[in-house]
Amino acid sequence: WSSRDFPWTKNLEVNNKRVFGNHSFRPNQREIINATMSGCDVFVLMPTGGGKSLTYQLPALICAGITLVISPLVSLIQDQIMNLLQANIHAASLSAGMNWTEQLEILRELSSENSKYRLLYVTPEKVAKSDSLLRHLESLNSHSLLARFVIDEAHCVSQWGHDFRPDYQGLGVLKKKFPNIPMLALTATATASVKEDVVQALGLVNTVVFRQSFNRPNLWYSVVPKTNKCLEDIDQFIKKNHFEECGIIYCHSRMDCEKVTETLRKFGHKAAFYHGSMDPGKRAFVQKKWSKDEINIICATVAFGMGINKPDVRFVIHHSLPKSIEGYYQECGRAGRDGQRSSCVLYYCYSDYIRVKHMISQGGPGQSTMTMGYNRITSSGRTLESNTDNLLRMVSYCENEVDCRRFLQLVHLGENFDSTNCKNTCDNCSSSKTLIEKDVTLTARQLVELVKLTGERFSSAHIVELYRGSLNQTVKKHRHETLHLHGAGKHLTKSEASRILHYLVTQDILAEYVKKSDLYGSVSSLLKVNRSKAASLCSGGQTIKMRFPSAV
Ligand code: ADP
Ligand code: ZN
């Protein structure tokens, strides 16, 4: 797709310079544009700041017809439309906040022969709930005036992702009604299973997939034990490393946001809080002051996130445990968009795990992004289970004192990262702790055996519990305490056992797969054995060694 011999190549290059002011294309931009303009369905995984918008805005400018963009937030849409207007490209939007006449006016203008609009932005519920939009699209299509569908933040389609929005699932209707219109799905975060989910739900066919490394070399990662002096620690950290610079502190609850803000103010920082229970006007006010550097620090729940475009965020601190590695990656990703060195510090204690777990089981605040007013489905045990799995993965990330943080995050996102490329920019890589190499072949073999014995129907969290001899409900329900390997790993800590298990996944000896439960259509991640890769381990032909901080 990188060829420069497409009929539109010249046109692309001219307009990229003249209209968008770019001297060249960034990695994958040309390829994506060529693929979508050739009429293919395209799925794009590109990290935040990579330049996704150009891949549909430039085609929208030079193709005949309208580009329909589905974007999750009204604020994001307004940002985009304003930016486009500065480049003298006209774009319209339809959202729930507009009155009927306004909307009709726009739709009418769109259908006119020489409409000034090149793009139409809508929120997903417009597609799911508005027949009139679909009727207008049909009429545009019958006049060959419908160029392409763009699904921004496409991971929102998947319940397996960290930001599921039910309205996104209704987007399947677009491909059903308009199979001939190419679709471009864009996201800055997706594991392999999320990608599969999205492709299926949107009904993409013969999809061309582009993905590039998600490593963000300018972000420095560390995990720090959280004590009751945590706020003093945070204060010192900021004063020492990022004095009067701009940052985000993610907190567990709105009460925490307010408490952390108050304390930091006492320490002399310009801080404010931001959470879902504030009225929208107040939230916008705080965000604006932060954008204009009148406030340095925002203490926020995860409600503060999507659509934050501030380029010079120098630190993202987690005062509480994130709910998943994907979510954590995404939250950290708001730092250092300008490419300058920035810090990501996570304060971790085990009791936060209990707090977050409780919140998940309640389907409580922080679970949802308030802006769209949706609720995650928690009535289903399966969803609950997959949320708990995600959280346990996060815990084992925090308790891991050995492996490169980048490696751990990227492996989870489905990317194999060589940790020598970290160049000591995470706490584990730069640690001076002495590590002892240990032979873990027997443990590895037993874990593989356990996955087989239990019929390849359980999550990694369950296998670890079982291996360490737990008698929890799931173990008893399936009578797993009767297996001869039940408790065979009781000499290991939970984090050691899960580290070894996850290592087997990264080596492809075990594989994770997604299972949908029929009842609610929700998903969970289960382990299976990759027989060809496991053969040599099981027959004694392969030894596995890993480094540990102490004897195992
Ligand atoms: P994403 O949506 O992937 O997070 P954006 O589309 O918002 O990223 O682009 C991030 C920034 O990069 C924007 O400021 C944009 O103008 C800039 N950008 C995009 N493509 C190019 C390019 N080819 N050359 C220079 N700057 C670019
Ligand atoms: Zn590292």
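The values are calculated or read from the model by the stated rules, or taken from the named source; none is laboratory data. Just so it is clear, the structure is predicted and the values come from calculations on it, not from any experiment. Every residue, glycine among them, receives a Cβ derived from its backbone with ideal geometry; neighbour counts consider all protein chains shown.
Of all residues in region 4-27, those satisfying the criterion of being polar (S, T, N, Q), surrounded by 15 or more Cβ atoms within 10 Å (Cβ to Cβ) and within 10 Å of ligand 1 (Cβ to nearest atom) are Asn16, Asn22. Every condition in (1) within 9 Å of ligand 2 (Cβ to nearest atom); (2) under 24 Å from Arg531 (Cα atoms) is met by Thr441 except one, and the failing one is (1). Taking the conditions (1) at pLDDT below 85; (2) in a loop (DSSP other than H, G, I, E, B) in turn, Arg334 satisfies each one other than (1). Could you grab me the full set of residues in region 508-540 that are part of a loop (DSSP other than H, G, I, E, B), at pLDDT below 80 and not aliphatic (A, V, I, L, M)? Across region 508-540, the qualifying residues are Ser517, Asp518, Tyr520, Gly521, Ser522. Against the condition touching a residue at least 40 places away in the same chain (Cβ under 8 Å) and within 16 Å of ligand 1 (Cβ to nearest atom), how does Leu413 come out, does it pass? Here the answer is yes, as Leu413 does meet what is asked. So, in region 29-81, how many residues would count as being in a loop (DSSP other than H, G, I, E, B) and either among the aliphatic types (A, V, I, L, M) or within 14 Å of ligand 1 (Cβ to nearest atom) (or both)? Within region 29-81, residues that are in a loop (DSSP other than H, G, I, E, B) and either among the aliphatic types (A, V, I, L, M) or within 14 Å of ligand 1 (Cβ to nearest atom) (or both) number 12. At least 1 residues being in contact with a strand residue (DSSP E or B) (Cβ under 7 Å, 6 or more places away or on another chain), modelled with pLDDT of 90 or more and within 16 Å of ligand 2 (Cβ to nearest atom) is the threshold, and among the strands (runs of 3 or more DSSP E) wholly inside region 211-298 those reaching it are 219-225.
Okay, residues lined up against (1) surrounded by fewer than 17 Cβ atoms within 10 Å (Cβ to Cβ); (2) at pLDDT 75 or above; (3) over 30 Å from Glu437 (Cβ atoms):
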site	(1), (2), (3)
Ile360	no, yes, yes
Thr369	no, no, yes
Arg376	no, no, yes
Thr388	no, yes, yes
Leu392	no, yes, no
Val395	no, yes, no
Asn400	no, yes, no
Gln409	no, yes, no
His412	no, yes, no
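Within region 421-434, the residues that satisfy the criterion of being near ligand 2 (Cβ under 9 Å from one of its atoms) and surrounded by fewer than 17 Cβ atoms within 10 Å (Cβ to Cβ) are Asn421, Lys423, Asn424, Ser430. Being among the small types (Gly, Ala, Ser) and farther than 30 Å from Ile70 by Cα is a condition met by at least one residue of region 208-225.
Is it the case that region 286-297 has a residue that's in contact with a Gly (Cβ under 6 Å, 6 or more places away or on another chain) and hydroxyl-bearing (Ser, Thr, Tyr)? The answer is no, given that none of the residues of region 286-297 is in contact with a Gly (Cβ under 6 Å, 6 or more places away or on another chain) and hydroxyl-bearing (Ser, Thr, Tyr).
Conditions (1) in a loop (DSSP other than H, G, I, E, B); (2) away from ligand 2 (no atom under 16 Å from the Cβ), marked per residue:
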site	(1), (2)
Ser396	no, yes
Val411	no, no
Val448	no, yes
Leu466	no, yes
His484	yes, yes
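Out of Ile295, Ile249, I need the residue that is touching a helix residue (DSSP H, G or I) at 6+ places or on another chain (Cβ under 7 Å) and crowded, with 23+ Cβ neighbours inside 10 Å. Which one?
Only one candidate passes the filter, namely Ile249.
Working only within region 28-64, note down all residues that are over 17 Å from the mean Cα position of the chain (by Cα) and aliphatic (A, V, I, L, M). Result: Ile32, Ile33, Ala35, Met37, Val42, Leu54, Leu58, Ala60, Leu61, Ile62, Ala64.
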